[in-house]
Amino acid sequence: MSDSGYQPPKVWTWDSESGGKFANINRPISGATHEKELPRGKHPLQLYSLATPNGVKVTVMLEELLETGVTDAEYDAYMVNIMEGEQFSSGFVGVNPNSKIPALLDTSVNNGTPIFESGAILVYLAEKFGKFLPTEPSARAQCMSWLFWQMGSGPFLGGGFGHFYAYAPEKFEYPINRFAMEVKRQLDLLDKHLAENEFMCGDDYTIADMAIWPWYGVLVQGGLYEAAEFLDVASYKNVIRWADQIAARPAVKRGKMVNRGWGEPHEQLHERHDASDFELRTQDKIGEPEE
């Protein structure tokens, strides 16, 4: 197959796996593939997730809330292994019919209120606890604008550039160039904005930073797709300054460990049920490093 050799059929049909890292879990239909209930912990907030960038948004938010003294933000976090199709269990689909992590269940409201989509979860928690989302209309509008910017732009970085550069079974020039160009435009936008702002919304750290950092912050720190040199991320000095500043926050350090099943042992916490889990990790909560 070449860039120009494929001719789309009149009607597309799913007759084979698409190839690539996620071929075994990609399918053109929604819904559960098997029956399995979700576990429940002792806290009202139950998180079912994985430490991908979208999952890290929520665990950082929860840890930041706890860092400020909001004890009602205590939560139980269970790892969802998306490579094994756990997101297609009947229990998970009951919380998130879209079968994507993260998914949150607030059992303190209406006998259980499910919230899915990472941006929606951030807004829900910010409004529930009155933290990290401005209430003044202009400041709130700016924060929401940058939050929705990430939700709309992130797929170009992840499903676009990340897929074709890192995961596609074959490397093609056109899609890699197309999405690399867009990611660099996004980084240039962030760099210019952060040249005049400490955080995404000025002087205040908000859910906009929590949404953008796991994608673009980690990218410029060299932790996403091994693409730092290819994208010349070192040229985005203001993004790097902002990324390093956020990465140094204690709550961020904890948040990026939760539901993580790869890397060094000290970087992982498969399940999180109490603040002491970060110090008193047992073998059922933390796995062996990957080969």
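The values are calculated or read from the model by the stated rules, or taken from the named source; none is laboratory data. Everything numeric in this text was worked out from a predicted model, so none of it was measured. FYI the Cβ positions are ideal-geometry reconstructions off the backbone, even for glycines, and counts take in every protein chain you see.
Summary table below
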{"item": "Among the candidates ALA77, ALA23, residue that is outside any helix (DSSP H, G or I), within 21 Å of GLU127 (Cβ to Cβ) and of a type in the set (A, V, I, L, M)", "result": "ALA77"}
{"item": "Qualifying residue in the stretch 125-137 (condition: closer than 20 Å to VAL252 by Cβ, touching a residue at least 24 places away in the same chain (Cβ under 8 Å) and either charged (D, E, K, R) or loosely packed, with under 14 Cβ neighbours inside 10 Å (or both))", "result": "yes"}
{"item": "Flag for LYS256 being crowded, with 16+ Cβ neighbours inside 10 Å and not small (Gly, Ala, Ser)", "result": "yes"}
{"item": "Tabulated pairs, the stretch 180-206, first of a type outside the set (D, E, K, R), second part of a loop (DSSP other than H, G, I, E, B), C-beta under 6 angstrom, 6+ apart or interchain", "result": "LEU187/TYR236; PHE199/TYR205; THR206/PHE132"}
{"item": "Qualifying residues in the stretch 53-73 (those that are touching a residue at least 60 places away in the same chain (Cβ under 8 Å) and part of a loop (DSSP other than H, G, I, E, B)) - the one surrounded by the fewest Cβ atoms within 10 Å (Cβ to Cβ)", "result": "THR68"}
{"item": "Given (1) surrounded by fewer than 21 Cβ atoms within 10 Å (Cβ to Cβ); (2) among the β-branched types (Val, Ile, Thr); (3) more than 19 Å from GLY162 (Cα to Cα); (4) in contact (Cβ under 8 Å) with a residue 40 or more places away in the chain, number of the condition VAL218 does not satisfy", "result": "(3)"}
{"item": "Residue check, LEU66 within 25 Å of ASP209 (Cβ to Cβ) and under 18 Å from the mean Cα position of the chain (by Cα)", "result": "no"}
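Conditions tested, residue by residue: (1) surrounded by 15 or more Cβ atoms within 10 Å (Cβ to Cβ); (2) acidic (Asp, Glu); (3) modelled with pLDDT of 95 or more.
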residue	(1), (2), (3)
TYR174	no, no, yes
VAL183	yes, no, yes
LYS192	no, no, yes
ILE207	yes, no, yes
ALA211	yes, no, yes
GLY223	yes, no, yes
GLU229	no, yes, yes
TRP242	yes, no, yes
GLN245	yes, no, yes
